[in-house]
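The values are calculated or read from the model by the stated rules, or taken from the named source; none is laboratory data. Everything quoted here is computed from the prediction, not taken from an experiment. Cβ sites come from the backbone with ideal geometry, for glycine too, and all protein chains shown count toward neighbours. Just the protein is used for accessible areas: all its heavy atoms, side chains included, with ligands, DNA and RNA removed. Shrake-Rupley method; radii C 1.70, N 1.55, O 1.52, S 1.80 Å.
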Amino acid sequence: MEYGFTTAVYVVASILFILSLGGLSGQESAKRAIWYGIVGMALAVLATLFGPGAGNWWLSAIMIAIGGSVGFVIAKRVQMTEMPQLVAAMHSLVGLAAVFVGFNAQIELARVLREKAADAAVTFEGFAAVLAHKTPAEIAVLKIEVFLGIFIGAITFTGSVVAFGKLAGRIDGKPKKLPGGHMLNATALALSILFGVLYCADVG
């Protein structure tokens, strides 16, 4: 697929996801909303598998088969009253996936930049081939995306794990307060932003 066509497919998938979420608010529209979500996800997966820089189709097929099988088994076993904690658990995996995708992007980017700096005659494939043709400005934008993806993904993962524990009754619902908790949170946020700026500025 060309870049423009792939982007258009992603836009259509995003619209279907929005329609799916909106339709789930009512019982009469829920069934149609589920189909919106299914079609949207199918389009997103196809655009990812056959879009620019795609590769490792057999590995992707195996991962899809494993994920689909696990999801099917869980869907059969989980009761409707357990849906909130199931959604929280699945949401945590989305955050973790974002973290892994960010780290993978940085590892590939570092490899490509090392090879290009050494003027090595290397033929890049897949995602690395896409990175090899990016301009410095595009790489700068990519690094911002990597930082935000890892930062937001990590918060999503940990927050969803806590939400799952509370909804499942495995964690006490009472708020846990550490001495100087607000200061600890502020310090963690400041350090994350600092490291993000240093990373995007290619320092160290």
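Here is how the numbers come out for the structure above:
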{"item": "Percent RCO, i.e. relative contact order, over the chain, from Cα pairs under 8 Å lying at least 6 residues apart", "result": "21"}
{"item": "For segment 152-204 and segment 106-141, distance of Cα centres in Å", "result": "32"}
{"item": "Gyration tensor verdict on segment 56-173 (Cα atoms; rounded if a/c is under 1.5, prolate if a/b is larger than b/c, oblate otherwise)", "result": "oblate"}
{"item": "Accessible area of TRP57 in the full protein assembly, 1.4 Å probe (Å², nearest 10)", "result": "130"}
{"item": "Answer label, with Rg/Rh (Cα atoms, Kirkwood Rh) calculated from the coordinates and candidates (i) 1.01; (ii) 1.05; (iii) 1.08", "result": "(i)"}
{"item": "GLU125-ILE38 pseudo-label distance in nm [points 7 Å out on the Cα-to-Cβ vector]", "result": "3.5"}
{"item": "Gain upon complete extension [PHE103, ARG77; 0.36 nm per residue less C-alpha separation]", "result": "6.0 nm"}
{"item": "Carbon and sulfur %, accessible surface of the chain computed with the full protein complex present, 1.4 Å", "result": "72"}
{"item": "Segment 1-52 - Debye-derived log10 I(q)/I(0), Cα point model, q = 0.29, 0.30, 0.31 Å⁻¹", "result": "-0.95, -0.99, -1.03"}
{"item": "Accessible area in the full protein assembly, largest first, 1.4 Å probe, for MET80, MET183, MET63", "result": "MET80, MET183, MET63"}
{"item": "FRET efficiency, 1/(1 + (r/R0)^6) with R0 25 Å, evaluated for VAL45 and THR7 via beta carbons", "result": "0.95"}
{"item": "Nearest-10 value in Å² for the accessible area of THR6, using the 1.4 Å probe", "result": "10"}
{"item": "LYS76, LYS177, LYS166, reordered so the largest accessible area comes first (probe 1.4 Å)", "result": "LYS177, LYS76, LYS166"}
{"item": "Spin-label pair GLN27/VAL162, simplified geometry with 7 Å Cα→Cβ offset, distance in nm", "result": "3.5"}
{"item": "Rounded to the nearest 10 Å², the accessible area of ASP119 at probe 1.4 Å", "result": "130"}
{"item": "Stokes-Einstein diffusion coefficient of segment 113-204, Kirkwood radius over Cα pairs, 25 °C, 0.890 mPa s, in µm²/s", "result": "146"}
{"item": "Under-25-angstrom lysine pairs by C-alpha in segment 19-177, whenever the two are 8 or more apart or on separate chains", "result": "8"}
